[in-house]
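Below is one structure, written out as structure tokens, with a few remarks after it.
Every read-out reported here was derived from the displayed coordinates using simple, explicitly stated rules and does not represent laboratory data. What you are looking at is a predicted structure, and each value in this text was computed from that prediction instead of being measured. Note that each Cβ is placed from the backbone with ideal geometry, even for glycine, and that neighbours are counted across all protein chains shown.
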Amino acid sequence: MNVRRTAKLIAVLLLSSSAFAQTQTNGRIAGTVKDQNGALIVGAEVITTSKATGEARKVTSDDAGSYSVPFLPPGEYRLSISANGFAPKVFPDIRVSITETTTRDATLAVAGLTTDAVSITAAPLLQTEGPQLGRIVDSRPVSELPLAARNFTQLLGLSTGTATALPDNGTIGRNTQSVSVNGARFTQNNFQINGIDANGIGGRGARLADPAPETIAEFKVQTSLYDATFGRAGGGNIQIVTKTGTNNFHGALYEYFSNDALNANNPFLKAVGVRRPVLKRNYFGGTVGGPVRRDKIFFFASYQGIRERNGISNSISSNVLIAPGLTDDSSEQKLSTTFNLPSINPTALKLLNARSARGEFLIPTPQVNGRYSGSAVSVSREDQFNANADFRVTPKNWLTVKFFFAQTPQTLAL
């Protein structure tokens, strides 16, 4: 049986920093500026600088002393706050995550006093921006944890309120996990890649095209009480963001493999003297990203290929009773003689002589004990491409183009 799955996601976005506070692919930094006596400071200058691209954004605090820097791509930032008559304050390391608000309140000292302008603040233990529950997973655990079939969906079960079966390393293909969130059906989950709908027609998540772990910047699993912006489904809401280019060139080549030579045999097959089934997987690819024009134009591109031959996924037969006397010679004369029949039904004769693409009988010859134990090999492959381009049109506007393509044909053994 041949199965072919193709997924394409293309997004062209023109982003303005005056739009929403945070979206499926962005976050924001917000806070309040006060003096040492707790009085609000109006008109304080707030500057955020991306450590990856060098982009700087400037806002000022309002009449309530509050500021907000919206629409920030996920990553590390430097925040500086200054006001007339006050010493500036710097937060050198601030992490911005998708869909979330990072709060940094600042207390400025009067100019001329000896103070440390650099503030190191630990992440708050309690979220106060909203009731939504969720968990951010960045690129490091996605790429470094040992995942069966190297599929990020196998990490979804680490979030609170989720339930899923243990990944079966013998499953053919990418082995995408079906996850239930707070008791909802797995078809009630909503997946988005770079803010674009990535739900398969056969069920949300059931036919998800999974980006390679090396291309994922971070993803978030929102399990309940999330904003209506992320709605359309009553289960979990999963937002995936792929990597983008920076001011520095980065690249990598990789290959991962699994081989039946390193596996133990199925005990039932071993008991009847059948060798261990074939299981050969190769995951290989590469990534490259960097600036086309420093502080202005950036790119990121990746490719992943998968080649798999799998004899244990769904085609292991153990102790199947086969008619005694059946041999590799299934001619009408031989069958008539062996089973003492005057004639053989033409349909039955065709079935007994039917062969797979590999030349094996679909109805196998029995082994010494009159039964059959063995496996047939399924074949799967994938070719996946990902490309991102970011262009800083003006200090307040970006043009972003994202492309994702995956094709996964399979030949499943009976």
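Setting aside same-chain residues fewer than 8 positions from Lys350, which aspartates and glutamates have a Cα under 19 Å from its Cα?
Candidates past the 8-residue exclusion: Asp328, Asp329, Glu332, Glu360.
Given springs between every Cα pair under 10 Å in a Gaussian network model of the chain, which of Thr365, Thr99, Thr287 has the largest fluctuation?
Thr365
Mind checking which lysines have their Cα closer than 27 Å to the Cα of Lys270? Skip sequence neighbours fewer than 8 apart in that chain.
The qualifying lysines are Lys280.
I need the phi-derived Karplus couplings for region 260-269: 6.51 cos²θ - 1.76 cosθ + 1.60, θ = phi - 60°, integer Hz, Gly and Pro marked x.
5, 5, 9, 10, 7, 7, 4, x, 6, 6
How many angstrom lie between the Cα centre of region 68-89 and the Cα centre of region 221-270?
33
What is the dipole size for region 19-108, taken about its Cα centre, with +1 at each Lys and Arg Cβ and -1 at each Asp and Glu Cβ, in debye to the nearest 20?
180
Distance between the C-alpha centers of region 340-414 and region 271-290? Whole Å please.
So the separation of the two Cα centres works out to 15 Å.
Counting alpha carbon pairs within less than 8 Å and at least 6 residues apart, what relative contact order, in whole percent, applies to the chain?
The value is 17 percent.
Once Lys and Arg get +1 and Asp and Glu get -1 on their Cβ, which of Leu269, Thr48, Ala357 lies farthest toward the positive end of the dipole of the chain?
Ala357
If you average the C-alpha positions of region 144-199 and of region 29-51 separately, how far apart do those two centres end up, in angstrom?
40
Can you tell which of Tyr226, Gly374, Leu335 lies farthest toward the positive end of the dipole of the chain, using +1 and -1 charges on the Cβ of basic and acidic side chains (Lys, Arg; Asp, Glu)?
About the Cα centre, the residue reaching furthest to the positive side is Leu335.
With no solvent and one equal point scatterer placed on each C-alpha of the chain, evaluate the Debye formula and give log10 I(q)/I(0) for q = 0.10, 0.12 Å⁻¹, two decimals.
The calculated log intensity ratios at q = 0.10, 0.12 Å⁻¹ are -0.79, -1.01.
Which trypsin sites (Lys or Arg not before Pro) in region 332-413 pass both tests, a DSSP loop state and at most 11 other beta-carbon atoms within 10 Å?
Sparse-neighbourhood loop trypsin sites (Lys or Arg not before Pro): Arg358.
Please give the calculated 222 nm ellipticity per residue for the chain, where each DSSP H segment of at least 4 residues contributes -39500 (n - 2.57) and the sum is spread over every residue; nearest 500 deg cm²/dmol? Before the final figure, lay out each step's value.
Values: 4 runs with 27 residues, N = 414.
That calculation yields -1500 deg cm²/dmol at 222 nm.
Using only alpha-carbon positions, what ratio does the radius of gyration of region 19-108 give when scaled by 2.2 N^0.38 Å?
Scaled against compact globular proteins, the figure is 1.03.
Mind checking the dipole of the chain: about its Cα centre, +1 per Lys or Arg Cβ, -1 per Asp or Glu Cβ, Debye to the nearest 20?
Dipole size: approximately 980 debye.
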